[in-house]
Structure formats: C-alpha cells, structure tokens
Amino acid sequence: MSVVEEIRAELEKALAHSLQASRECGLIKIDQAPEITVEVPREKDHGDFATNLAMLLARPARMAPRRVAEILAQNFSAGTWVERVEIAGPGFVNFYLKPGWVYLSLPRIVSQGARYGSVDNGRGSKVQVEFVSANPTGLLHMGNARGAALGDSIAAILKFAGYDVTREFYINDAGNQIENFADSLEARYLQLAGQDIPVPEDGYHGEDIMATCISFREKHGDSYTEVAEKDRRSALVAFALEEKLESIKNVLSDFGVDYDVWFSEQSLHDAGAVQDTLEFLREKGCVYEREGALWFKATDFGVDKDEVLVRSNGLPTYFASDIAYHRNKLQRGFAWAIDVWGADHHGHVPRMKAAIKALGYDPAVLEVVIMQLVRLYKGGEIVRMSKRSGQFVTLEDLIEEVGRDAARYFFIMRSADSHLDFDLDLARSESNENPVYYIQYAHARICSIMRQLEEQGGQMPDPGSIDYSLLIEEYELALARKLADFPGEVTAAAAGLAPQRIARYLHELAGLLHSFYNSHRVIIPEKDISAARLVLVEATRITLKNGLGLLGINAPERM
RNA sequence: GCGCCUGUAGCUCAGCUGGAUAGAGCGUCUGACUACGGAUCAGAAGGUCGGGGGUUCGAAUCUUCCCAGGCGCGCCA
C-alpha cells in the first residue's frame, strides 16, 4: 500500500470513529452511515486531505452541513500525522498534515526501484489485450499506429497493476479480403510476365503489392504462369502473407511493441473451431436460416438487427470466425478480454457482446476500447488514406520522421475517445518542443547530477538514514508529494484503461523537477541537505523511468 | 432516420467518474544566475466549458432537448 493510501485509510477509519461517537452521544441522528471517502483537494490551501462527509450527512441528519462538520471535527482524534483539522466552504472537513509525511515514500521508492508504482489490483488474474490485428495484406497505417501505442501501454499498465497479461495479434488471414488480395497479386504477377491483366478496381493498388510480386518472381521466375490458377493464387498468397507478416512484426518491434501470441484466423477454420461454434449456437437455438443464409438471433439479446453467420454461398462471415475466436479466448481462461478497435468498427461491439452471451459467458468479460480515427494533416491539408489508392503514411514512415518516442507519446497523451488530428509537419518541424523531450530531459538531468556526484568522488547516501526534515523548500515538498501519487496513478490508469493519465502525470512530475532544479542545487557543501536532495532526485529519476516504461518510451541518460 | 464518439483559452488537448477559485503545451508578451545540461525556469495576457432546460448543498462532469463535426447502420472486414 502506498503512503497516500495508508494515510487515507487511517483518516477514513478515524472519521468512522468520530461519526460513531457523534451518533452515540446523540449529536448526529441518522439511520445509516454513508460511505466515508477521503479525497485529495485540488487546492493546496484546502489541506492535504479532505472529506465531504458532513455534506452527505446534512440531509439525513436534518442539520446544516457546517454544523455537522463541527461535530465531526470535535469528535475526531488525530493520528500521527494530522496537524490540524479545519472546516471550510459549504461543509468540507479539511485535514492538514505535518509536512514530513510527504517524505515517507522516498526510502521506499529507492528500495523498490523498478517496481515502484506497481500495485496488485489484478491479483494475478489473466487478461488478454488484443490490438492492431491489422489485415496482413498491407502496410500499417496511422490508425494501426495509434492502436499499437494504446494497446501496448494498456497492457504494460495492467501488468504493472498486477494482472497476468497476454498481448495478442489476430491475423485476418482468411475470408474475402484474402481472395481480393489474391486477385491483385495475380494481376501484378501476370503483368510482370508481360500479360495485360488489370488490377481489379477494388483491389490493392499499393506499390508494396508490386514489390512483393517482384520478389516472388525473383524466386520463382515465370513458372507460376503455367500452373493452374488455384495453385498460382495460393502460392502467391502464402508468399505474400509471410512477407507481410514478417514486415509487420519488424515494424511493430521497432515501435517497441512485441506480442506474446500471433493468432491466425485460418487456424480456427483448419481446426474446425468455426464449425464447432456454429454448431454450438445452433444447439442453443440462437440461429435460424433465411434466404439461404444462416443468421444469428442478435435481437434475442437486445441488438436491433440479426446478423449473417454463413452466407448463402456457404462461406462463413467474418462475424462467425470472430465469435469462434472470442470463444477460443474465453476457453483459454482469460477473465478479462480487452479489444482495441478503431471507431469504424464500433457498430460491431453490441453484436459481439450478444454473441458472447449466447456462448454462455458474461458479456462483461469483453471490454472493447474504441479509439477514434486519426486524421492526418500535411501542408495544412487532410491526407486521405486508402489502400485502394495506395496513398498513405505508414507506421514505418512515422517512426522515421517523428521518432518512436515522440510518436508513441503523441498517441498516448490523448484519450482514445478523442478524434486525433496528426499534423505531420508540426510533429516534424517542432519535434524539439514535443512534450516527450521535456520529460526525458528531466530524467537526463538527474542522470547528469549523478555523474557529477561520481566524478567528485561522492556516493549515493543510504535513504534509510536521512534527515528529511531538512527539505523545507516549496518545490521539495511538491516534488515529494507528486512522487507519492504514482502508485495511485497506476491504479487509476489501469482501472480506466487510460494511459493518458500516466502521460499527464509524468509531464507534471517533470515540470516539478525542472522547477526544483532551477531554484536549488543538489550537490552542495551542506552534506545533510545534499544527501536528502540526492535521495529526492534519485526517487524522481526512478519514478520517471518507471512511468516512461509504461508508455514504451526510453528514459535516456544523456540527450 | 437510428446508434456511438466529440465540442473546454487564438491552436492542440487535460480535467482523477459530482467538489471548493476550470488546467497544461504551442503561439504572443515581459523577465532569469558566467551555475549539477537554457531541450530549462519565473511571470503576464487569454474562458458564457457549443446552447437552453432539469436533477442537488454543489454540474465541464449526471439527465433531457436543440446546434455543429467525425464514424457506423452489407450475405465487407
């Protein structure tokens, strides 16, 4: 438990006692005690902690809130750290603590090191985060990039919050778009062999398709012009998928994203899992036939329309294999399955939840994070991206132009809900003013202090034997206070699947470090103060590094 | 037409699930020590939280109705 949590719990307990005492002596008459919560006020002047308990009691007790607050304050017995209790505003009870409490966490941070900030909300329960899952028929675009940054950070945060996390990429290597893919590959291949075959209008027109066919031809020559169409297509598709997947893996890895599982859709078909699932739904009475197709009765589960599972041509839809895939996830024992999807798929959410219910699971095990689309600006104009026109900026381009750290921070600092305008020129031209450098610079600055210390023959003092009461400057208190918040931020970010909270937290923490740095020196002749400050900045360095790690961003020692 | 997301400073966005005087960055303006790294710091200006009603001690946050933008509503994925 973090220092903040410990004190909060202590105050809540003391308040409960105060309320109990007030009821026993008849000063407050209520039937049932409300839930007691102690929060951290936004305004520093309102104390270190505060409670709205008096306002909640006012109505049931039929008393003025400030009067209730007075009674609560009178019966309140202060613990170790409470200096004074005040009543303010409409009836808040504010707790002012002795300044030293903020330094309690410093020795802990240093001794916990890379583990500082980790919490155990998950208690080891199995959670899967599935993200990107782009069609392996093309390159990764800006939407995939956002999904990669978001999904990977969510996974990292959940892991830090005590969950047993699996990162998974679902490969859509079956179905319609593969046929479509084959059409385009075949056309390009035959074109290279001198035949005049156009790429279908709704096919893949990107240059990468041509490049794939060129390397295929380098290996196999024109030999596949002679074989049966079916064999030619399957050879081309197999070759292209392997090449594409390899390149996707590499680019994502360059972006700092590494998966535990690459799951093939085709493998579900091969194992008969799609048929099994359809059979299961049939036995449950959740399907029916109409106009030659097999339908899922989504309307039985509160969805406004039924959905086709098997087309009248006998081929299962994407929805059918997706149900089988999610069934497979749940059979693997995940207590929580998180999918990161683009907003253009949001209509799929209620259907999928209905299907999970039909399979006999609680739909709440599936949580879909919908991220709004990325709009790309270049030269002040929107860049329309489409696979058909072959015009788009890839993740690879992005890493090259903006850099991995800045790109990841840019995606993470905004909530998934926000529509993201990504101005390439801005990201490029002003990359030195990107907030991510501000945070990294704070880390590098501390490392520089440590190098100075070493050069002067100094040593990092033992955090357990420091007189922290020497740290009386405003910025020292503020910095230490912020450090103590980190575990709470991790908890909140995990609960809300909200990596942007960590990004904001780090930015604020870096700001406090810079302010402190500009007004006070760490290495000074006064040994005791210097030692306390060394621990303070070392704790800051650790926290910055741990936080940046959750976002997949480097914490450089020099810049 | 129905559904989901969004609307907060000139621009890009936060706002801890209902708290007290709404915050950052960029941009603009004024300043900073020959210094452990100036990719920094201190300060100023800038707001009817899209608009109207409602809920209550208290609303940017919940609710409802408008307005504006994005995305969905296929036997595509």
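Annotation: of all residues in the stretch A:135-170 being among the β-branched types (V, I, T) and crowded, with 20+ Cβ neighbours inside 10 Å, the one that is farthest from the chain's Cα centre (by Cα) is A:T137. Considering the stretch A:532-551, and only residues there that are farther than 17 Å from A:R445 by Cα and in a helix (DSSP H, G or I), the residue that is farthest from the chain's Cα centre (by Cα) turns out to be A:A532. Residues in the stretch A:322-348 that are of a type outside the set (D, E) and within 8 Å of RNA strand B (Cβ to nearest atom) were compared, and the one that is surrounded by the fewest Cβ atoms within 10 Å (Cβ to Cβ) is A:G347.
Of the helices (runs of 4 or more DSSP H) contained entirely in the stretch A:419-484, those carrying at least 3 residues that are within 19 Å of A:Y116 (Cα to Cα) and more than 7 Å from RNA strand B (Cβ to nearest atom) fall at A:435-455, A:474-484. Going through A:V383, A:V369 one at a time, which residue ends up being modelled with pLDDT under 90, in contact with a Leu (Cβ under 7 Å, 6 or more places away or on another chain) and surrounded by 15 or more Cβ atoms within 10 Å (Cβ to Cβ)? The unique qualifying residue is A:V383. Scanning the stretch A:132-172 for residues that are in contact with a strand residue (DSSP E or B) (Cβ under 7 Å, 6 or more places away or on another chain) and outside any helix (DSSP H, G or I) yields A:V132, A:S133, A:P136, A:Y163, A:D164, A:V165, A:T166, A:R167, A:E168, A:F169, A:Y170, A:I171.
Of the residues making up the stretch A:2-15, not a single one is in a loop (DSSP other than H, G, I, E, B), of a type in the set (D, E, K, R) and farther than 30 Å from A:M460 by Cβ.
Exactly one residue among A:S253, A:S184 is in a helix (DSSP H, G or I), on the phi < 0 side of the Ramachandran plot and in contact with a Phe, Trp or Tyr (Cβ under 6 Å, 6 or more places away or on another chain), and that residue is A:S184. Selection of the stretch A:392-407 for residues being farther than 18 Å from A:R375 by Cβ and within 15 Å of RNA strand B (Cβ to nearest atom) yields A:G403, A:R404, A:D405, A:A406.
For the stretch A:226-280, filtering for residues that are over 30 Å from A:A407 (Cα atoms) and aromatic (F, W, Y) leaves 2.
Among the residues of the stretch A:328-351, those identified as free of Cβ contacts under 8 Å to residues at least 40 places away in the same chain, over 17 Å from A:V127 (Cβ atoms) and part of a helix (DSSP H, G or I) are A:A343, A:D344, A:H345, A:H348, A:V349.
I'd like to check something: does the stretch A:34-46 contain any residue that is at positive phi, at pLDDT 90 or above, in contact with a strand residue (DSSP E or B) (Cβ under 9 Å, 6 or more places away or on another chain) and within 10 Å of RNA strand B (Cβ to nearest atom)?
no
Could you tell me whether any residue of the stretch A:447-469 is of a type in the set (S, T, Y), over 14 Å from A:S105 (Cα atoms), out of contact with any strand residue (DSSP E or B) (no Cβ under 7 Å at 6 or more places or on another chain) and modelled with pLDDT under 95? The answer is no; no qualifying residue exists. Just the residues that are buried (at least 22 other Cβ atoms within 10 Å of the Cβ) and within 12 Å of RNA strand B (Cβ to nearest atom), please, taken from the stretch A:523-536. Within the stretch A:523-536, A:R533, A:L534, A:L536 qualify.
Does A:D276 satisfy the criteria of being out of contact with any strand residue (DSSP E or B) (no Cβ under 6 Å at 6 or more places or on another chain) and away from RNA strand B (no atom under 11 Å from the Cβ)? Spelling it out, A:D276 is indeed out of contact with any strand residue (DSSP E or B) (no Cβ under 6 Å at 6 or more places or on another chain) and away from RNA strand B (no atom under 11 Å from the Cβ). Checking each residue in the stretch A:69-89 for being under 39 Å from the mean Cα position of the chain (by Cα) and over 20 Å from A:D45 (Cβ atoms) picks out A:G79, A:T80.
Among the candidates A:K297, A:K249, A:K305, A:K284, the residue that is surrounded by fewer than 20 Cβ atoms within 10 Å (Cβ to Cβ), among the basic types (K, R) and within 14 Å of RNA strand B (Cβ to nearest atom) is uniquely A:K305. Can you report the number of residues in the stretch A:502-520 which are free of Cβ contacts under 8 Å to residues at least 40 places away in the same chain and more than 6 Å from RNA strand B (Cβ to nearest atom)? Qualifying residue count for the region: 2.
The values are calculated or read from the model by the stated rules, or taken from the named source; none is laboratory data. This one's a predicted model, so the numbers in the text were calculated from it and none came from an experiment. We place every Cβ from the backbone using ideal geometry, glycine too, and count neighbours over all the protein chains shown.
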